[in-house]
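This report refers to the structure that appears directly beneath it.
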Amino acid sequence: MLPRAKWRIRFVVRGRRWGAGWRGRKRRCRLMGNRSEIGARGFTLIELIVTLLVVAVAIGLVAPAIGRSTEGVRARAEVAGFSATLRHAREQAITTRQQHTVVVNLIDRKLTVVTGEDEVRWTRAFPARLTIQAATPSALTIRFHPQGTSSGSDLRLTSGAVTYHVTVDAVTGRVRNQRE
């Protein structure tokens, strides 16, 4: 018995309690698991399949929404290009002090800007998916005068399922586009 008592005293002298090391190891094993349990951590095949299934469903729901949003952006860009051509013709009419006429040719699918006596300044093709409708045939010819006024026009531009209403004010020559 005496040797065991020395052993206990030695632990007390060093600041440790009897058996503290063993209990600490036990506690660590309980927290971390035994060696056989440590290797068993990870994901099961069923958990991985369920996760992949959830990700696939999420992608399936998001993909069509992205397609719809790009169609709207594309239509807005086409209408913005059309309106920019009209605005540029108005600015050129004011700057050069010459009448500029924008002719919308639905058959050739082109916008032609003409100055003075049938001098073609530039021609711009518009995309095949963009359809232009006018209330009257005369609305397809828009004249911009040097004072900033215009002949006025109301056009309806449709690209896919998106429709815009482009208005050229007769008094100010201002070009506005509004989504319907």
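The values are calculated or read from the model by the stated rules, or taken from the named source; none is laboratory data. All values reported here derive from a predicted model rather than from experimental measurement. A quick note on method: Cβ atoms are made from the backbone with ideal geometry, for glycine too, and the neighbour counts reach across all protein chains shown.
Here are the numbers for this structure:
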{"item": "Candidate set: the range 103-156, residues that are among the acidic types (D, E) and part of a loop (DSSP other than H, G, I, E, B); chosen: the one nearest to R74 (Cα to Cα)", "result": "D108"}
{"item": "Residues of the range 110-138 classified as exposed (fewer than 14 other Cβ atoms within 10 Å of the Cβ), touching a residue at least 12 places away in the same chain (Cβ under 8 Å), of a type in the set (A, V, I, L, M, F, W, C) and under 21 Å from R90 (Cβ atoms), total", "result": "2"}
{"item": "Enumeration of residues in the range 157-173 that are without any contact (Cβ under 8 Å) to a residue 40 or more places away in the chain, assigned to a loop (DSSP other than H, G, I, E, B) and within 14 Å of L86 (Cβ to Cβ)", "result": "D169, A170, T172"}
{"item": "Residue match in the range 74-86 (condition: among the β-branched types (V, I, T), surrounded by 11 or more Cβ atoms within 10 Å (Cβ to Cβ), part of a helix (DSSP H, G or I) and under 31 Å from the mean Cα position of the chain (by Cα))", "result": "yes"}
{"item": "Out of V162, V171, V166, sole residue that is of a type outside the set (D, E), modelled with pLDDT of 90 or more and surrounded by 13 or more Cβ atoms within 10 Å (Cβ to Cβ)", "result": "V166"}
{"item": "A65 being at pLDDT below 90, loosely packed, with under 10 Cβ neighbours inside 10 Å and not in a helix (DSSP H, G or I)", "result": "no"}
{"item": "Hits in the range 116-127 - residues which are at pLDDT 85 or above and among the small types (G, A, S)", "result": "A125"}
